[in-house]
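Heads up: the structure comes next, in structure tokens.
The values are calculated or read from the model by the stated rules, or taken from the named source; none is laboratory data. Worth saying up front: this structure is predicted, and the values here are computed from it rather than measured. No Cβ is skipped: glycine too gets one built from the backbone with ideal geometry, and neighbour counts run over all protein chains shown.
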Amino acid sequence: MTAVTTDPLASGTQPGWRRWLRRHGWTVGVWLLLGALIGYYSTLIPAFGSFQVASIVNSGAPLVFLAAAQAVIVIAGGIDLGVGGMLVLTNVTAARFMEGQPFLATLLIAVTIIILAAAVNAGVGWIINVSRVPDIVITLGSLYFFQGLALAVLPNPGGGTSELFRWIFTGSRRGIGSNPYPAIALIAIVILGLAWWLGKTRSGLSLYAVGSNKTAAYLSGIRAARVKIVSYAIGGAFAAMAGLATTAIAGRGNANTVGGNLTLRSVAAIVLGGVALTGGIGSVIAVVPAGLILFFLNPILSAMGVDPNRAQVVQGVLIVLVMMVTGLIEWRRRRTT
Amino acid sequence: MSVDATPALDAGPDPEQQTALRRSGRYLATHPHWVLVFVLIVLILITGMIEPNYLSVSGLRNSALFAAPIGILAAGQTILMLTAGIDLSIAMIATGAAYFAANQSPNGPVLAIVGALVVGIVAGALNGVGVGVFQVNPLIMTLAMSGILLGLFTEWAQTIFAGSTRMNDFIRTLGGGSFFGGRIPWAVVVWATLSLLVVYLLRRSGFGRNLYALGDNTVASRLSGVRSWQVLLAAYTIAGVFGAIAGILLGGRVGAVDLQLAGVFLLPSVAAAVIGGTSIFGGVGTYTGTILGALILAVLNSMLNFLGVGTAVQQMLYGSIIIGLSWLYTRIAATQ
């Protein structure tokens, strides 16, 4: 959880790499865990190749984008239960309007949906600011609202999209294939862009400032209310990315998907990725492998011959164990320092 | 809640301006529950205008019957939210408890109910150990517990619980039956009894004070000698038991169990506590408010059903009303 602890006193006395490891230890750890899991998976099944990699990346992409959305909002000190609803809403909206359209039209629709989702979620952030009601309550309301709106947009599962649009997210015109590179490139570009903005720009860093201490940030000249709205807007845009990815993979929209469950998985993913739910701490780079791991545990466990229901149990136990270990590390660190 | 605003802190320019309206405004700020009572009455009247038959014993009885499980689940949420916690596994605990009750139903109601309660105690205590002893974030701990229980009961539903989907007649009466000429549901009696217990626990007992203290300031309460892990362990276990009781009532009302039995009640149970003015950050809230929250949600449910607008509009209205009510409540309480 202390992935981004910046301690000016300690930094002068430690060698550079140790300081780097201390700051980014969690990120490195989660990536190594993902690598180890993929390595283990490749020994479990006879034919491990690009098809498996593609299926992991493609199917994991929505959760990765959704976790990134949640991460941005949580880093800025909020929490958005509505992201799952936004995923479902953008999924069905895309599927409804993209059906039968040529590629350029679908691309235009996708951009419009992302902008609209950002605007709508910015409105949610605005309501939180004005009403002074806790984030979790307002976004509980927005979760229901989005889910209901999704049902109104597309009452029955269906819709469609263009083949090239599916290719962007899946590397295949039919949604299934053995070409993981478009999805990897898309995730890399979008997430690295987000990480750069969060970590290197004034506006991005202000999210960390507001998340770790709202009053201090406000007193040092940051417009805390505006930062909250920005974080929700970006969260909305990333939830829309997750929804579009879902449309591309499934080739259709389904308003009966339970958005609440998706939200809960996004929260589990960011916690596994080292983002503190109290705000101000965490990195979106670590959220990517965390989201993939959460998704990836299912195929691993089924390859190990574990019953899918028991796989769910194992997944829950693993999450708890990881959290206990983190708590233990944190506790020991606090005792030594 | 009983503290009146002191005149010394009054920001008004002179006392003459204190009209009756302002005084009543200040009264509402210190007693925000009356706002909820007002909202509840208005909602009941609106529902009565949409469907005149609603304003009858059987109409209101249905709402009360619907409110009981939400209210009992929300009791668990209220207790935990006071400690800055939450239980996302409570609906799965309820479903699991209902499975146990159905499984033991041929062996008589006592075994069935005890078995169900044991599910709640075990799952709740595990949550409590995770949160209290190992300091796992409550959101994550209970979320993981929910996944674990879902996996276990999905598997067991096909193996050891296979075929046991019918509830004992006693439990069916408890969950869906009524007495006094079909006017008062037994489930509401159970809920009322539990409500008295919870209100007493929160207001009068040392345990209740510890809950508030822990949620208000963990460090301060620990320094003043509260063994936080014991309080949390007890709180999560109690929430588990409430989950189990709600599961028994729900299973009894439906008459059969399946894995989706209580899932839809999870977010309403949080919403009821939140509408009732319990802070998600701990230390603030009462069960009386939560009861009103549960009743409002139940009346709302009837209203949306009578409107016949379809699930889409129902969910959108539901979401908007959660936002609107919590906004109103915060606005009124903030003027204090």
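Some points to look at:
- Check on B:L214, away from chain A (no Cβ under 14 Å), touching a helix residue (DSSP H, G or I) at 6+ places or on another chain (Cβ under 6 Å) and either of a type in the set (S, T, Y) or within 25 Å of B:F153 (Cβ to Cβ) (or both): no
- Residue ID - modelled with the highest pLDDT, chosen from residues in segment B:122-154 that are within 7 Å of another protein chain (Cβ to nearest Cβ) and touching a Pro at 6+ places or on another chain (Cβ under 9 Å): B:G130
- Test: B:I160 is within 14 Å of chain A (Cβ to nearest Cβ), free of Cβ contacts under 8 Å to residues at least 40 places away in the same chain and not small (G, A, S): no
- Test: A:T139 is hydroxyl-bearing (S, T, Y), more than 10 Å from chain B (Cβ to nearest Cβ) and buried (at least 24 other Cβ atoms within 10 Å of the Cβ): no
- Meets criteria (within 14 Å of chain A (Cβ to nearest Cβ), in contact (Cβ under 8 Å) with a residue 24 or more places away in the chain and part of a helix (DSSP H, G or I)) for B:G252: no
- Applying the criterion of at least 1 residues that are of a type in the set (A, V, I, L, M), on the phi < 0 side of the Ramachandran plot and at pLDDT 90 or above to the helices (runs of 4 or more DSSP H) found wholly in segment A:130-244 leaves A:135-153, A:181-200, A:202-212, A:214-219.
- Of residues in segment A:279-314 being over 17 Å from the mean Cα position of the chain (by Cα) and touching a residue at least 12 places away in the same chain (Cβ under 8 Å), the one surrounded by the fewest Cβ atoms within 10 Å (Cβ to Cβ): A:M304
- Among the conditions (1) more than 9 Å from every other protein chain (Cβ to nearest Cβ); (2) more than 30 Å from A:I109 (Cα to Cα); (3) outside any loop (DSSP other than H, G, I, E, B); (4) not charged (D, E, K, R), A:M324 misses just one, which is (1).
- B:V110 meets each of the listed conditions (1) in a helix (DSSP H, G or I); (2) within 30 Å of A:V74 (Cβ to Cβ); (3) of a type outside the set (D, E) apart from (2).
- Of residues in segment A:263-305 being of a type in the set (S, T, N, Q) and in a helix (DSSP H, G or I), the one farthest from B:L267 (Cα to Cα): A:S302
- The residue pairs whose first member lies in segment B:219-247 and is under 26 Å from B:L194 (Cα atoms), whose second member is among the aromatic types (F, W, Y) and in a helix (DSSP H, G or I), and whose beta carbons are closer than 8 Å, counting only pairs six or more residues apart or on different chains, are B:V231/B:F207; B:A234/B:F207; B:A246/B:F265.
- Complete set of residues in segment B:61-91 that are in a helix (DSSP H, G or I), polar (S, T, N, Q) and surrounded by 24 or more Cβ atoms within 10 Å (Cβ to Cβ): B:Q77, B:T78
- Per the conditions (1) over 24 Å from B:Y200 (Cβ atoms); (2) buried (at least 24 other Cβ atoms within 10 Å of the Cβ); (3) away from chain A (no Cβ under 11 Å), the sole criterion not satisfied by B:S302 is (2).
- Screening B:V114 against (1) within 12 Å of another protein chain (Cβ to nearest Cβ); (2) surrounded by fewer than 21 Cβ atoms within 10 Å (Cβ to Cβ); (3) without any contact (Cβ under 8 Å) to a residue 60 or more places away in the chain leaves a single unmet condition, (1).
- Breaking point among (1) surrounded by fewer than 17 Cβ atoms within 10 Å (Cβ to Cβ); (2) more than 13 Å from chain B (Cβ to nearest Cβ); (3) in contact with a helix residue (DSSP H, G or I) (Cβ under 8 Å, 6 or more places away or on another chain), for A:V317: (2)
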